[in-house]
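> Structure below; questions to follow.
Just so it is clear, none of the values below were taken in a lab; they were calculated from the coordinates. Because the structure is predicted, anything quoted here is derived from the model rather than measured. Using ideal geometry, Cβ is built from the backbone for each residue, glycine included, and neighbour counts are taken over all protein chains shown.
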């Protein structure tokens, strides 16, 4: 046991430790943003937006904290409807930035609805799982949860916003896991996701090493995604192969139900088709990022250069850092996207190992307090909501850190509360507010 | 608490996930920041600093009358800083845009930019940009970040081919130089260094200390601020003993001569300082400054006329050798100078008849007459009397067959032949050899530098100095680094009467003999013509002379060789006269040598540039 139950019995309306860690992360982030944009031409705008976003984020936090979270359960249809409308609307009325149509342009700032949709989806999923808790071990529940996600994913692909899916999918898995879904079902889902991710990666590897195409089998595999017929032939081959294996197992008296073979084949085929979909929807720069992650030396001057420069920035900070506002790597522009995705490079360079330890430590505390909220929640909905929010922060944390330290591909994922990004900050503070609301209302009669 | 159907252990599992991820990240951070901190700090420093090396201006080279012979002038270079334009596509585009105004090959340009980008070092894409191109380049500069135009000091030889064989030239560092100099911090891949002549010999003092601007640049290669600016130290200036006007006279004389090939060496008999040093054909050292190697700078199909006739050309001395034969005759004691020899126009050596230049014969000649008329028969007869061995001895005493000792590379020693040399080769000596030896034909070969040494020794009565051309070297801060001093190599010991007779004989050569062309009003000229027989073509013309004014010690001794110039008196003597006139211009013109100022300008031969009024002569 990591948490003592007594800790939660105090009748605080507010989890001050959670709030403190949020404020510290926000402070570190703001200082780093100001430092990193010092030489950018649009620095005034960025700083202005950041200082505009902070009060709005605090407002969203207070509003979400004061509002009883159970409202979301009652009105889940509106929440779900609103988020779908927001995502659909951005495809019609949004503006394009960096190749994605994902922004609402307002007079003073822009809003990215997918950030809010992510939080909304957590609420909707929590409600769904709460309602279906009796049948949580059934496959229908798992599929139902994903059925709720599918429209959102579809709208995100249309933008296109792959990192949005990359962030939302694991959150759904974590919530299902926390709700007590069958591990077998979860592994089917994970297998599906794994296969749909595996195919594009394999194709990228072949792309990087053209000499592999000399092998006919590899060549056949590589051209699978080219046309519908070859894709269909692959699906048919997998189905026939699964059927033959099942017949074999029957002949061998292994007593394995055919369901498993059918399921495995289905997962493989579905994963293959979504892999093809992903491959065809992937933008060139995303393809490039994947390739760079797989072999960083292919383009040391291009995409790999960015990652290398970020690593130099962090490393050059040493233990004590080079001093706030004194990092040469980030201030002179060697680190790309330094105020958003690579904000940690700035922290690492200017504040050193201790700064990074501070960020990591307060992130762990933040996640721990949200989890504590889940533990103490008065109802299952609150528990699931907090688990979702916890999962969301965990996924952000892992992908952003991992990307920076070369443990994950560059995915364009910011670090919430630290990175620059108004919509993201407001949405994340709202999420923390909801988590606080769950914590504050942990007793039925408070 | 209500039962919320929550599997507690799953909560703990999720928590462990977060914890574990944080732990992995911290381990990775320790690796990056704590362990690798110093390494990455270095990389970051390398990232942000860019050095523009600024080549120090090379030391200048002056003549003794302070005319700048090699100097520096500003030139504009196009530099590429590896910055933002780093991706291959960008470099390709930039190279394409630059190749047209520069007139450079697209592939070469692209390659050099690629190399610079991968090494993260700036590179000069073009040098010495003409103003026309500059305008279009400065437009491109705005479009393509990373290229810039800078000013540099560039070597410049104002008079082109003037004194080129002594000065030499500079060029780009090549792979051979690089292996020797790569450890020297003062040289980089694109520095220039002396490749020949003085530029090579005095590379160490001429080359200053390069400076550099250490810039902080951002990722686009744009300069952010200057971190440090290290000023260069210019190289030391070299002042030569060469007189600009005498040198000009020598070069013009050679250029105007029949063949345009030859050499002039003028020495100061009092010190051994070189007053003029010309060798034709010559070359314009400016053409190597820009291009890399020698081959690049030359027009296609041409060979560099690097051959220094004054030091490396060996020729039969012809009648010039009669100076040495005279010394042998007078010193042998077997011939009295007033003894007459009858010249019928030929000499019968028994098995073969040797001819004199004058077919009708010179008649009766004593020593003075024989030398003045350059009568072969006189020297055949008396050469035999004094003996071949004596002539050989004096040839060696006058330092033939050995290098003059001048500080220039590849000097040829020439050849002395005589009975002892033959004996060493285990061969025989014949009478014919003695006759040939006496008049400077046969196997004797000398360089113009040796001829100048001989006449200079006659002028100062026997002393050989090491010829030198650096009068002084002055550091850029005015400090004297080196002062050229006369260095006595050897002396020829002879009787005073011998010197006096030789002097008289050489004087009569110019007064009434073969060298009358060389007469100068106001000065006494002592000379000897020479016409060296050349089996491959026209004879080589020689003239050696020294001059005195008002019975003062001689200030100039000159040797002139015109290859295939025919008769020495016709083609070589006028050049010597012009050189002597130019060198003695302060002594000759004014009747009273106390006021030499006014007439000097009027008298000055056509020179490329009027020199700074000199502070008197050396």
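> Work out the mean other chain Cβ neighbour count within 10 Å for the residues of B:42-50 and drop it here as an integer.
Across the residues of B:42-50, the mean count of other-chain Cβ atoms within 10 Å is 5.
> Jot down the radius of gyration and Dmax of segment A:98-194, Cα atoms only, both in angstrom.
15.0, 50
> Here is a further query. Output the direction-averaged projected area (hull surface divided by four) of the convex hull of the alpha-carbon atoms of chain B, in nm². Could the numbers behind the result be given before it?
Values: hull surface 171.4 nm².
About 42.9 nm², averaged over all directions.
> With contacts defined as alpha carbon pairs under 8 Å and 6 or more residues apart, what's the relative contact order of segment B:18-154 in percent?
Over segment B:18-154, the number comes to 33 percent.
> Same structure again: In peptide A:345-354, what is the residue-averaged number of other protein chain Cβ atoms found within 10 Å of each Cβ?
Counting other chains' Cβ atoms within 10 Å and averaging over A:345-354 gives 2.
> How do B:343, B:356 rank when sorted from fewest to most other Cβ atoms within 10 Å of their own Cβ?
Result, fewest neighbours first: B:356, B:343.
> Next question, about the same structure. Could you run the Debye sum over the Cα atoms of segment A:128-180, one equal point scatterer each and no solvent, and tell me log10 of I(q)/I(0) at q = 0.29 Å⁻¹, two decimals?
Summing over Cα pairs of segment A:128-180 leads to -1.09.
> Follow-up. Which residue, A:349, A:138, A:284, has the most motion in a Gaussian network model of chain A that connects Cα atoms within less than 10 Å?
Comparing A:349, A:138, A:284 in the GNM, the peak value goes to A:284.
> Continuing with the same structure: Radius of gyration and Dmax for segment A:17-440's Cα atoms, expressed in Å?
22.9, 74
> For a protection proxy built on the mean count of beta-carbon atoms within 10 angstrom, sort A:427-437, A:382-392, A:147-157, B:542-552 highest first, please.
So the peptides A:427-437, A:382-392, A:147-157, B:542-552, ranked by packing, come out A:382-392, A:427-437, B:542-552, A:147-157.
> I've got another one for you. Using only the alpha carbon atoms of segment B:488-580, find the Kirkwood hydrodynamic radius as the inverse mean reciprocal pair distance, in angstroms to one decimal.
13.8 Å
> Calculate the FRET efficiency for residue A:77 and residue B:46 from the Cβ-Cβ distance with a Förster distance of 51 Å, rounded to the nearest 0.05.
The calculated FRET efficiency here is 0.30.
> Continuing with the same structure: Which of these, A:65, A:243, A:76, has the largest mean-square fluctuation under a Gaussian network model of chain A (Cα springs below 10 Å)?
Of A:65, A:243, A:76, the Gaussian network model singles out A:243 as fluctuating most.
> What would the Debye formula give as log10 I(q)/I(0) at q = 0.12, 0.17, 0.18, 0.28 Å⁻¹ for the alpha-carbon point model of segment A:66-130, no solvent?
-0.36, -0.64, -0.70, -1.12
> Now for a different question. Please report, largest first and rounded to whole Å, the three semi-axes of the ellipsoid equivalent to segment B:336-448, where each semi-axis is the square root of five times an eigenvalue of the C-alpha gyration tensor.
Semi-axis lengths for segment B:336-448 are 28, 17, 12 Å.
> In the Gaussian network model of chain A, springs joining C-alpha atoms below 10 Å, which of A:66, A:36, A:227 carries the largest mean-square fluctuation?
A:227
> Relative contact order, percent, of chain A when contacts are C-alpha pairs under 8 Å separated by at least 6 residues?
Values: 604 pairs, mean separation 126.2, N = 446.
Relative contact order of chain A: 28 percent.
> Shifting gears a bit: Which whole-number percentage describes the relative contact order of chain B, with Cα contacts under 8 Å and a sequence gap of 6 or more?
Relative contact order of chain B: 14 percent.
> Shifting gears a bit: Go ahead and estimate [θ] at 222 nm for chain B from helices alone: -39,500 (n - 2.57) per DSSP H run with n ≥ 4, summed, over the residue count, rounded to 500. Walk me through the numbers before you get to the answer.
Details: 25 runs with 226 residues, N = 618.
That comes out to -10500 deg cm²/dmol.
> Compute the angle between helix B:448-459 and the longest alpha-carbon principal axis of chain B, please, reported from 0 to 90 degrees and rounded to the nearest 10.
50 degrees
> Helix B:244-256 against the longest principal axis of chain B: what's the angle in degrees, Cα atoms only, rounded to the nearest 10?
80 degrees
> Please give the direction-averaged projected area of the C-alpha convex hull for segment B:10-81, in square nanometres with one decimal. It would help to have the intermediate numbers written out before the result.
Values: hull surface 36.8 nm².
Average of the hull's projected areas for segment B:10-81 equals 9.2 nm².
> Would you mind computing Rg(Cα) / (2.2 N^0.38 Å) for segment B:440-499, counting N as its residues? Please report the intermediate quantities before stating the final value.
Numbers: Rg = 16.6 Å, N = 60, 2.2 N^0.38 = 10.4 Å.
Normalised Cα radius of gyration, segment B:440-499: 1.59.
> Next up: Can you tell me the mean projection area, over all orientations, of the convex hull of the protein assembly as shown's alpha carbons? Units nm², please.
That works out to 63.8 nm².
> Is the shape of segment B:102-197 rounded, prolate or oblate, going by the alpha carbon gyration tensor and its root eigenvalues a ≥ b ≥ c, with a/c under 1.5 for rounded and a/b larger than b/c for prolate?
oblate
> Right, here's the next one. What is the P(r) of segment A:154-202, as percent of Cα-Cα pairs per 10 Å bin from 0?
That works out to 23, 47, 28, 2, in percent per bin.
> Could you tell me how many cubic angstrom of Cα convex hull volume segment A:338-420 has per residue? Present the calculation step by step, with values, prior to reporting the outcome.
Values: hull volume 7.2 nm³, N = 83.
Measuring per residue, one finds 87 Å³ for the Cα hull of segment A:338-420.
> Please average, across the residues of A:316-325, the number of beta carbons from any other chain that are within 10 Å of each residue's own beta carbon, and give a whole number.
Numbers: counts 13, 7, 8, 4, 2, 2, 2, 0, 0, 0.
Mean shielding count: 4.
> Give me the angle, in degrees from 0 to 90, between the Cα long axis of helix B:8-29 and the longest principal axis of the Cα atoms of chain B, rounded to the nearest 10.
Approximately 10 degrees, to the nearest ten.
> Using C-alpha positions alone, give me the convex hull volume of segment A:7-165 per residue in cubic angstrom. Spell out each step's value before the answer.
On the way: hull volume 25.6 nm³, N = 159.
It is 161 Å³ per residue.
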